[in-house]
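So the structure is just underneath, and the comments pick up after that.
The values are calculated or read from the model by the stated rules, or taken from the named source; none is laboratory data. Predicted, not measured: the structure shown is a model, and the values here were computed from it. Note: ideal-geometry Cβ built from the backbone for every residue, glycine included; neighbour counts use all protein chains shown. All accessible areas refer to the heavy atoms of the entire protein, side chains included, with ligands and DNA or RNA removed. Shrake-Rupley method; radii C 1.70, N 1.55, O 1.52, S 1.80 Å.
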Amino acid sequence: MAEQGVEQGMQSRYMFLLLWASQGNTGPSAFWLLLYLISSPKALGAVRAEVDRILRETGQEAKAGAPPIELTRDMLLRTLVLDSAVDESLRMTAAPMLVRAVLEDTSLQMADGREYWLRKGDRVALFPYLSAHMDPEIHPQPHTFQFDRFLQADGSSRKTDFYKGGKRLKYYNMPWGAGVSMCPGRFFAVNELKQFVFLMLSYFEFELVNPEEEIPPIDCSRWALGTIHPTRDIQFKYRLRF
Ligand code: HEM
């Protein structure tokens, strides 16, 4: 970096940015995904059935005395139900603020006909958590975790057709942002989340200590920073399945 003219102070800042960007969102995202699954027997059953099926198809089994599971990329490409659960969990808990610098005078045309004039030097902040993720017209019952929301009704493929005002939307779920600065770590992050859940569900049974307790609300003071943290901890018990 130094050879390319990046001075020492900026190099440290960049390394710190990368540290935060790669760690800051993945941990809370893994927390929410596992919690939503543990809290919904139907969702947990569906994802576990998928995990067990893939294990069987690859000649593996999670049982006493069996060798450790060998989880391959190919296996993680066959998890339509888990993919939907990941998308749904991110829809409900990833609330980034997308900030863009206006480089020249321009106007922004909204779908409903409104138009905003933007001046060179302005900054625009978009908050898709409210405009897309939580819009009940796009995602009915937006505050309810529906593990199969991003799965076609017959379960054959990922659901990508979402509508508002009769128009099909390009941006209906934006945990990774959009455009040139869209999260470059998204494939890595999704793989981390999927590996974590795949292995947890393969090896363990889960039980909430207080099943009557509501899912903790998100901490709104962290809106805009990425994946939101819960306002309190959750206690759960886990044990080997075999
Ligand atoms: C669940 C986990 C993650 C979420 C929800 C997330 C979300 C985001 C969002 C919303 C942005 C800003 C996008 C925009 O401005 O349009 C971003 C940027 C970024 N993310 Fe992630 N991210 C995650 C994991 C990761 C991981 C694992 C890495 C690295 C291995 C990473 C590296 C980055 C970097 C370097 C940027 C800056 C990109 C730029 O400004 O050009 N992220 N991420």
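Among the GluC sites (Glu not before Pro) in region 141-242, those located in a DSSP loop and surrounded by at most 13 other Cβ atoms within 10 Å of their own Cβ are Glu212, Glu213, Glu214.
Counting only Cα atoms, the chain measures 65, 53, 35 Å along its principal axes, largest extent leading.
With the whole protein complex present, Phe236 retains an accessible surface near 80 Å², based on a 1.4 Å probe.
Sorted by accessible area with a 1.4 angstrom probe, largest first, how do Ser181, Ser40 fall?
These residues rank, largest area first, as Ser181, Ser40.
For region 134-175, trypsin sites (Lys or Arg not before Pro) are listed when DSSP marks them as loop and at most 10 other Cβ atoms sit within 10 Å of their Cβ; the list is Lys170.
Is there a quick way to get the dipole size of the chain? I mean about its Cα centre, with the Cβ of Lys and Arg at +1 and of Asp and Glu at -1; what is the value in debye to the nearest 20?
Details: 28 positive and 29 negative charges, 43 e Å.
Dipole magnitude for the chain comes out near 200 debye.
Under 30 Å of direct C-alpha separation, and excluding same-chain neighbours fewer than eight residues apart, Lys159 reaches these lysines: Lys42, Lys167, Lys170, Lys194. Sparse packing (at most 15 other Cβ atoms within 10 Å of the Cβ) combined with a DSSP loop state is found for none of the trypsin sites (Lys or Arg not before Pro) in region 2-50. Among Glu70, Glu61, the sequence by solvent-accessible area, most first, with a 1.4 Å probe is Glu70, Glu61. Against the main long axis of the alpha-carbon atoms of the chain, helix 26-39 sits at an angle near 50°. Taking the dipole about the Cα centre of region 1-152, with the C-beta of Lys and Arg at +1 and of Asp and Glu at -1, give me whichever of Val51, Gln109, Pro68 is farthest to the positive side. My answer, from the dipole projection, is Pro68.
Counting only DSSP H runs of at least 4 residues, each contributing -39500 (n - 2.57), and dividing by the residue count of the chain, the helix-based mean residue ellipticity at 222 nm comes to -11000 deg cm²/dmol. When the Cα positions of Gly226, Ala125, Ile38 are compared along the charge dipole of the chain, Ala125 comes out farthest toward the positive end, with charges on each C-beta of Lys, Arg, Asp and Glu. Of the whole protein surface, Ser221 contributes about 100 Å² of accessible area at a 1.4 Å probe radius.
Name the most mobile residue of Leu151, Leu37, Leu108, meaning the one with the largest mean-square fluctuation, in a Gaussian network model of the chain with Cα contacts below 10 Å. Of Leu151, Leu37, Leu108, the Gaussian network model singles out Leu108 as fluctuating most.
Fully extending the segment from Ser12 to Met110 would add 31.3 nm, taking 0.36 nm per residue of separation and subtracting the current Cα-Cα distance.
Glu104 sits with roughly 130 Å² accessible to a 1.4 Å probe, with DNA, RNA and ligands left out of the calculation.
Taking a probe of 1.4 Å, how large is the accessible area per residue of region 193-233, in Å²?
Working: 2280 Å² over 41 residues.
Result: 56 Å² of accessible area for each residue.
A 1.4 Å probe run over region 1-137, with the rest of the protein chains in place, finds 59 Å² accessible per residue. Relative to the longest principal axis of the Cα atoms of the chain, the long axis of helix 186-203 makes an angle of roughly 20 degrees. Between the Cα long axis of helix 8-23 and the first principal axis of the chain there is an angle of about 40°, rounded to the nearest 10.
Accessible surface ranking for Lys194, Lys237, 1.4 angstrom probe, highest first: Lys237, Lys194.
Express the carbon and sulfur contribution to the solvent-accessible surface of region 143-242 as a percent, rounded to the nearest whole number, probe 1.4 angstrom.
Numbers: 3550 of 6460 Å².
About 55 percent, which is the carbon plus sulfur part of the accessible surface.
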